[in-house]
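Trainee: I'd like to ask some things about the structure below.
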There are 2 protein chains.
Amino acid sequence: MDLNGLLKPKSFAIIGASEKDGIGGDVCRNVMAFMEDISKVYFVNPKRETVFEKKCYPSINDIPEPVDLAVLCTPMGAVYSVMEQVAAKGCKGAIIFASGFGEAGPEGKKAEQEVVDLCIKHHIALMGPNCAGYANYAEGIFPFAFLAEKRDRKGSIGLASQSGQVCLSGLDYYPMRFSYVISSGNSPVISIEEYIDFMVDDESTKVVAAYVEGIKKPEVLIRAFEKAAKKKKPIVLLKVGRSDKASELAASHTGSLSGSDKSIDAIMEKFGVIRVNDLQELYATSIALATLAELPKGKKAVFVNVSGGEAGVTADLAYLNDIQLSNLGRDTLDKIGAKLPFYATPNNPLDVTGTVAYDTEALAYTVEQLMKDPEVDFVVMAYTITYVFADMCVPYMVASLEAVADKEFRKPIFWLPFTEHSRNEESSDKLLKINVPLLPTGEYGLKAIKNVLRFAAYDHTKVNMEIGLPKPVEQVKTQAYSEYDSMMKLKENGVHIDEQIVLKSPDDVEKICDKIGFPLVFKIDSQDILHKSDVGGVILKIDSKERALEAYDQILANAKKHCPDAKINGVLGKKMLGMGVEFIVGVNNDPQLGPMVMIGLGGVFVEIFKDVVLRPAKLSRHEAMEMIQSLKGYKMLEGYRGSTPKDVDALADFIVSIAEYAYNHKDTLKELDINPVFVYDKGKGVAVADALVIEYVQ
Amino acid sequence: MDLNGLLKPKSFAIIGASEKDGIGGDVCRNVMAFMEDISKVYFVNPKRETVFEKKCYPSINDIPEPVDLAVLCTPMGAVYSVMEQVAAKGCKGAIIFASGFGEAGPEGKKAEQEVVDLCIKHHIALMGPNCAGYANYAEGIFPFAFLAEKRDRKGSIGLASQSGQVCLSGLDYYPMRFSYVISSGNSPVISIEEYIDFMVDDESTKVVAAYVEGIKKPEVLIRAFEKAAKKKKPIVLLKVGRSDKASELAASHTGSLSGSDKSIDAIMEKFGVIRVNDLQELYATSIALATLAELPKGKKAVFVNVSGGEAGVTADLAYLNDIQLSNLGRDTLDKIGAKLPFYATPNNPLDVTGTVAYDTEALAYTVEQLMKDPEVDFVVMAYTITYVFADMCVPYMVASLEAVADKEFRKPIFWLPFTEHSRNEESSDKLLKINVPLLPTGEYGLKAIKNVLRFAAYDHTKVNMEIGLPKPVEQVKTQAYSEYDSMMKLKENGVHIDEQIVLKSPDDVEKICDKIGFPLVFKIDSQDILHKSDVGGVILKIDSKERALEAYDQILANAKKHCPDAKINGVLGKKMLGMGVEFIVGVNNDPQLGPMVMIGLGGVFVEIFKDVVLRPAKLSRHEAMEMIQSLKGYKMLEGYRGSTPKDVDALADFIVSIAEYAYNHKDTLKELDINPVFVYDKGKGVAVADALVIEYVQ
């Protein structure tokens, strides 16, 4: 649906305009306080002639001009009848503030559905119900119900949120500068994904920030992610639901279904979307990305401090948060050393000492030398800015950055404080103007920097962007396949599988001995017996025809004994594989987000250390390699304690082929478990030792 | 040395008193602004009759009254001669602000040593040089050079810091309330450890907070830790030097030696000292501990929010930071549900909705119900307090807590905001008064809560507090012992070791076969061959006399071939051990802090996942058990994938015996490596398979 009538209306009507406390009054007061020109804003209230001395119409249909957007401050009970008038007026958008709809049980849900049907019929883009409206800073349009301080907050962060409080909290946070602030509410017509998509397209929005409780339209979200990745426009997402508890709350709050948290992580990773954990990180990361003129070209930082104590703290913070420190060049050290008092030594983190901090020229010179050093990718000025200054160090420091800013070194400077404060407004505005993000304290600041670095390093051309979103799954019945059938499904789809033969008679046993040779391995083949070893269904190291015949009988007898009702296809025979590094490749088909490929080393790696990584299919070879290298256990493949390096290339190819298989079967595959696949020495490839496919039954 | 003359002087003299900018002026201005009674403060300046209209003496010896403390604002060059006068006057304490001493290279160091000698000779407790003085809020004494805002900041946090900037930063942070703020500077006479010790004893100090760069007097620190643990007085320590970089800076800043970071961690763990990572965490944790009337009795939290969005965020924050959520009782849920609007559902995190948040009575009732629930150990009120309010929610919420505070539920309430601000002073003061700590945002707030919970759960009676601080090591020469000699050293000290025989002839080989039986293992025994397998020095599974004789010859021949210069004691023979879980127990004797016992599972556990834990010797059995259980690999000992549980009791006893051994040899042991010790099934004990002792050569 087109969102321009909703978010960029040429005119709008406030229905239920009022001077009283409460939403009708708040919205009118906001419009009058925040908007420069309200000639195209119409107040509607049948009980009033005027509101705040502005003409009031009895109904929306009495307005003589066209109205793009209807803003309903009416209580829940009156919403439907007003919406009928809105439809009659031909509005393209509507905002409903009232709560008591979808979030409030079956009756509310029913009432909501009636409104939804009406909106869809009349092509009305609906925001809410149960929302707080939006603020369009880009064009100065403010149909919102927040109680926020009026200030100039125009900027380039587009914030969309399923929670109104999160919008308000962003508005209360001084350093945030917005293109849009959108409170989406229950969003049964226009969903949070569509607002994100809108802001990815929107030219006034440089950074998209969003608070998301549940994903309703994955296809819209993926489309937005893909566009953003290609444009390199950052999306910063606070998606709650890390724990079951949070999912539970999300469900009760907006009635939306939370997709599995790990799948969402994997999708975001693929598209370079930045996932954050709380509001402070959301705002800080957005501010950093919106404020910087250019992204850092590399990952090496230099920290500038005004005391040895704080230099010690930044050194520890960098170490604990895995921020790489530049090794400053001899020349740089000499030049900055010359400005320092005799008792100080240049280093990184650099303690410039009070002497240099109060000397704008010396500090500007120092920062300039740091910027010139090819080892430095960005500078972090670390000092606390308070609201009121007891000493005047900060203005001197800011002035020195202003002096450097003119010189266009094209390397970012960040400002990191140590303790929380409202920051001095004059200083923070000056920093904003010279593209220096004022970060929050300590670890939050470093998280924001890390988020910026990861985004800067993201390269969409290395990624396979085809995502296999599945058809909605209605049936829950599933079907497991025997090892042989599972193997054949993989083989038919181009996955390399060694010869497998299902033996149905002693004759077959003799044939396989002649054909394949020894050692052999025999396993019971049945879709009903998934834990084959537990029932004596596996015999390894078969080294003679005689032993093979015995094994065949034994396995069948064991199966009959332990699983009398299982349908037995026969005994699966194959060449016994040599031992390699045990690796696991699996697929879990997320009902919303499609097949996720999971990899990890076997044994304690996966079972005790949960050392696995997940990515949505398809996968580029680059992605497969990244996945492998991101495992802690990767060392085992590199050649651990003098053992030869393993065939990581073959493993990457194998993972890509499994992702391809999963993608092609997105509507039928439920799970796939290849456990183990053996990884051999470099050049020797990989081999699948066991596989299990589970599909949805049509 | 007695610190009372320094920190609680009855009178003090400011030498270099002045009205100008700079230290002499700052100190006089501070004294006049902060102190109520300055009749016992004397200004000294030979060039002035008065300073700020207060009489000025030409020298300290012209002051007709006794002077406890001399505060030297004089430049570095004049310090020594002034100190001679100070000594003559009979002062018990002195503060030297000037820098250019020990931190500034060899000459400064020499000048510092002269001052130190003089102080020691005359029993003068010296603060500094290169410091900013101290503020004694408990008694209203302010000989300090900070440029800080004057406010009533009297409280119970004692802050001592090797960095003056860290003190200033604490003074700038509004919620901090102090007993003492001490900037220790280079501290060659009175060290940071002595200030910590002083504040552990000091009755006005409830929480000791400290910034420490290097440890100089471990024995003082340990004594302070032990006293604090027994009194249950919290010590919160920001010890920098996590990375090598930070250690480097610490060294150049105060010239003090940083002990190994991991040893310090282990010591702090033992004594229940809280280690924090940066200033925000230092201040937040101190504030929380100082503000609470009582510590939480358990770990279960309930979060109270004013919106579903923020409830989602707190749920995630709790999950990510491992904070346990209370399962609220049915009765509690019903009672709080009755106050909520129809569309809201009670839960934890609890969204009380705007309706209840603006209704003081309803919110007080709600909090009261939560406090009454036996599942709840503490309450976290989560809402952002800004400096100026655009909406008045916060005052209502604070009032509701005030109503509950009277009822003495003896359960803590914390306040957690979502974004950084200077907090509204009226509201924060009210919260302080009712013992509700106002935390910093998000993860910092949860870190502070976790620190409080860990401290609350600490029980010093479970811990062996004997720490084996070693004599200073002058010699660096070390001596490794052969496996047999290492084993015997352990055995002599009560560690259980199976029979080991050094074979010197084929005769000995026949004897061991008869005596011990098969299978045997033979290894080369030489202090010069530490990697025995690499030179063919180990033969396993010897199962006959014939094989034993062959093995004996083979091992000697291999040793002669690969290590012709090694001194060979013979071939070590012993019963081959059955395989158990491979475990490593080691000791590293920290030159400052004494023997640290390290444990972990062998193989990938230690080598890839670094899954080890360190604690200083001695160890109580409880500590040994805690160490074992804190390993990620503990699952392997509990009975992994159906295997039988292992003999953790015997392992704990073994670790205790190793700690005892290490403690007893604190002055000679350098390293001990027991790799592996096999851990068998429950009831079957443990057995040492190899050991290496390295000692300092006397």
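Trainee: Checking the condition aliphatic (A, V, I, L, M) and within 25 Å of B:THR355 (Cα to Cα), which residue from A:ALA138, A:ALA148, A:ALA125 passes?
Mentor: A:ALA148
Trainee: Hey, another quick one. Which ones in region A:382-415 are within 14 Å of chain B (Cβ to nearest Cβ), open to solvent by less than 40 Å² (accessible area, probe 1.4 Å) and out of contact with any helix residue (DSSP H, G or I) (no Cβ under 7 Å at 6 or more places or on another chain)?
Mentor: A:ASP391
Trainee: Also, I was wondering about something else. Quick test of your reading of the structure: A:GLU194 fulfils all but one of (1) under 18 Å from the mean Cα position of the chain (by Cα); (2) open to solvent by 10 Å² or more (accessible area, probe 1.4 Å); (3) under 23 Å from A:LEU438 (Cα atoms). Name the failing condition by number.
Mentor: Only one criterion is unmet by A:GLU194, namely (3).
Listed here are the residues, each with its yes/no results for (1) under 19 Å from B:TYR696 (Cα atoms); (2) of a type outside the set (A, V, I, L, M).
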position	(1), (2)
B:GLY468	yes, yes
B:LYS471	yes, yes
B:TYR481	yes, yes
B:TYR484	yes, yes
B:GLU499	no, yes
B:CYS513	no, yes
B:PRO519	no, yes
B:ASP528	yes, yes
B:ALA548	no, no
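Trainee: Identify the residue in region B:138-159 that is surrounded by 22 or more Cβ atoms within 10 Å (Cβ to Cβ) and either in contact with a Gly (Cβ under 9 Å, 6 or more places away or on another chain) or of a type in the set (S, T, N, Q) (or both) and, among all such residues, is nearest to the other protein chains (Cβ to nearest Cβ).
Mentor: So, considering only residues that are surrounded by 22 or more Cβ atoms within 10 Å (Cβ to Cβ) and either in contact with a Gly (Cβ under 9 Å, 6 or more places away or on another chain) or of a type in the set (S, T, N, Q) (or both), the one nearest to the other protein chains (Cβ to nearest Cβ) is B:PHE146.
Trainee: Could you run through region B:480-526 and say how many residues are open to solvent by 20 Å² or more (accessible area, probe 1.4 Å), assigned to a helix (DSSP H, G or I), in contact with a strand residue (DSSP E or B) (Cβ under 6 Å, 6 or more places away or on another chain) and charged (D, E, K, R)?
Mentor: Summing the residues that are open to solvent by 20 Å² or more (accessible area, probe 1.4 Å), assigned to a helix (DSSP H, G or I), in contact with a strand residue (DSSP E or B) (Cβ under 6 Å, 6 or more places away or on another chain) and charged (D, E, K, R) in region B:480-526 gives 1.
Trainee: Wholly within region B:289-367, which helices (runs of 4 or more DSSP H) include no fewer than the required count, namely at least 3 residues that are more than 9 Å from every other protein chain (Cβ to nearest Cβ) and farther than 20 Å from A:ASP278 by Cα?
Mentor: On the way: elements: B:308-320, B:330-339, B:353-357.
Result: B:330-339, B:353-357.
Trainee: Moving to a separate point now. Could we say that B:ALA135 is over 25 Å from the mean Cα position of the chain (by Cα) and either open to solvent by 10 Å² or more (accessible area, probe 1.4 Å) or more than 25 Å from B:ASN424 (Cα to Cα) (or both) here?
Mentor: no
Trainee: When you go through A:GLY633, A:GLY570, A:GLY639 one by one, which is the residue that is within 14 Å of chain B (Cβ to nearest Cβ) and touching a Lys or Arg at 6+ places or on another chain (Cβ under 8 Å)?
Mentor: A:GLY639
Trainee: How about region B:65-113: which of its residues are touching a Phe, Trp or Tyr at 6+ places or on another chain (Cβ under 9 Å), within 22 Å of B:ILE141 (Cα to Cα) and open to solvent by 50 Å² or more (accessible area, probe 1.4 Å)?
Mentor: Matches in region B:65-113: B:GLU65 only.
Trainee: If you check B:ILE449 against the conditions, is it touching a Lys or Arg at 6+ places or on another chain (Cβ under 8 Å) and either under 30 Å from B:MET268 (Cβ atoms) or touching a residue at least 40 places away in the same chain (Cβ under 8 Å) (or both)?
Mentor: Against the criterion (touching a Lys or Arg at 6+ places or on another chain (Cβ under 8 Å) and either under 30 Å from B:MET268 (Cβ atoms) or touching a residue at least 40 places away in the same chain (Cβ under 8 Å) (or both)), B:ILE449 does not qualify.
Trainee: Of the residues B:ASN45, B:ASN61, which is open to solvent by less than 30 Å² (accessible area, probe 1.4 Å), at pLDDT 95 or above, closer than 28 Å to B:LYS121 by Cα and over 43 Å from the mean Cα position of the chain (by Cα)?
Mentor: Selected residue: B:ASN45, the only one of B:ASN45, B:ASN61 that is open to solvent by less than 30 Å² (accessible area, probe 1.4 Å), at pLDDT 95 or above, closer than 28 Å to B:LYS121 by Cα and over 43 Å from the mean Cα position of the chain (by Cα).
Trainee: Checking the conditions here, which among A:LEU446, A:LEU469, A:LEU432 is within 30 Å of B:PRO175 (Cα to Cα) and either in a strand (DSSP E or B) or away from every other protein chain (no Cβ under 14 Å) (or both)?
Mentor: The unique qualifying residue is A:LEU432.
Trainee: Within region A:14-42, count every residue that is at pLDDT 95 or above and farther than 25 Å from A:ARG153 by Cβ.
Mentor: So the answer is 5.
Trainee: Considering each residue of region B:398-430, count those that are in contact (Cβ under 8 Å) with a residue 60 or more places away in the chain and either on the phi < 0 side of the Ramachandran plot or touching a Gly at 6+ places or on another chain (Cβ under 6 Å) (or both), and give that number.
Mentor: The total comes to 9.
Trainee: Report, by residue number, each residue of region B:70-97 that is without any contact (Cβ under 8 Å) to a residue 60 or more places away in the chain, in contact with a Pro (Cβ under 8 Å, 6 or more places away or on another chain) and within 14 Å of chain A (Cβ to nearest Cβ).
Mentor: B:MET76, the sole residue that qualifies.
Trainee: Here's a follow-up. If you take the residues of region B:92-106 that are modelled with pLDDT of 95 or more and in contact with a Gly (Cβ under 7 Å, 6 or more places away or on another chain), which of them is farthest from B:SER184 (Cα to Cα)?
Mentor: Looking at residues that are modelled with pLDDT of 95 or more and in contact with a Gly (Cβ under 7 Å, 6 or more places away or on another chain), I get B:LYS92.
Trainee: Does B:GLU426 qualify as being surrounded by fewer than 22 Cβ atoms within 10 Å (Cβ to Cβ), of a type in the set (Asp, Glu) and farther than 25 Å from B:ASP152 by Cα?
Mentor: no
Trainee: Within the bounds of region B:67-78, is there any residue that is touching a Lys or Arg at 6+ places or on another chain (Cβ under 6 Å) and assigned to a loop (DSSP other than H, G, I, E, B)? Even if it seems obvious, please write down each step before you answer.
Mentor: Here is the first cut: in region B:67-78, the ones touching a Lys or Arg at 6+ places or on another chain (Cβ under 6 Å) are B:67-68.
So of that shortlist, the ones also assigned to a loop (DSSP other than H, G, I, E, B) come out as B:67-68.
Yes - at least one qualifying residue is present in region B:67-78.
Trainee: Of all residues in region A:171-215, which are within 12 Å of chain B (Cβ to nearest Cβ), in contact (Cβ under 8 Å) with a residue 60 or more places away in the chain, touching a helix residue (DSSP H, G or I) at 6+ places or on another chain (Cβ under 6 Å) and closer than 26 Å to A:LEU295 by Cβ?
Mentor: Hits for region A:171-215 are A:TYR173, A:PRO175, A:MET176, A:TYR211.
Trainee: On the basis of being among the acidic types (Asp, Glu) and over 38 Å from the mean Cα position of the chain (by Cα), does A:ASP525 make the cut?
Mentor: In short, yes.
Trainee: Among the residues of region A:540-582, which ones are assigned to a helix (DSSP H, G or I) and farther than 15 Å from A:VAL502 by Cβ? Quick ask: steps written out before the conclusion?
Mentor: Step one: filter region A:540-582 for residues assigned to a helix (DSSP H, G or I), giving A:545-562.
Hits for region A:540-582 are A:LYS545, A:GLU546, A:ARG547, A:LEU549, A:GLU550, A:ASP553, A:GLN554, A:ALA557, A:ASN558, A:LYS560, A:LYS561, A:HIS562.
Trainee: Tell me yes or no: at least one residue of region A:577-596 is closer than 30 Å to A:GLU510 by Cα and either within 14 Å of another protein chain (Cβ to nearest Cβ) or hydrophobic (A, V, I, L, M, F, W, C) (or both). Write out each step before concluding.
Mentor: Of region A:577-596, the ones closer than 30 Å to A:GLU510 by Cα are A:577-580.
Next cut, either within 14 Å of another protein chain (Cβ to nearest Cβ) or hydrophobic (A, V, I, L, M, F, W, C) (or both) only: A:577, A:579.
Within region A:577-596, one or more residues are closer than 30 Å to A:GLU510 by Cα and either within 14 Å of another protein chain (Cβ to nearest Cβ) or hydrophobic (A, V, I, L, M, F, W, C) (or both).
Trainee: Would you say A:THR386 is hydroxyl-bearing (Ser, Thr, Tyr), closer than 23 Å to B:LEU147 by Cα and under 38 Å from the mean Cα position of the chain (by Cα)?
Mentor: So A:THR386 fits the description; yes.
The values are calculated or read from the model by the stated rules, or taken from the named source; none is laboratory data. All values reported here derive from a predicted model rather than from experimental measurement. Glycine gets a Cβ as well: all are built from the backbone with ideal geometry, and neighbour counts include every protein chain shown. What goes into the accessible areas is simple: the full protein's heavy atoms, side chains included, and nothing from ligands, DNA or RNA. Shrake-Rupley method; radii C 1.70, N 1.55, O 1.52, S 1.80 Å.
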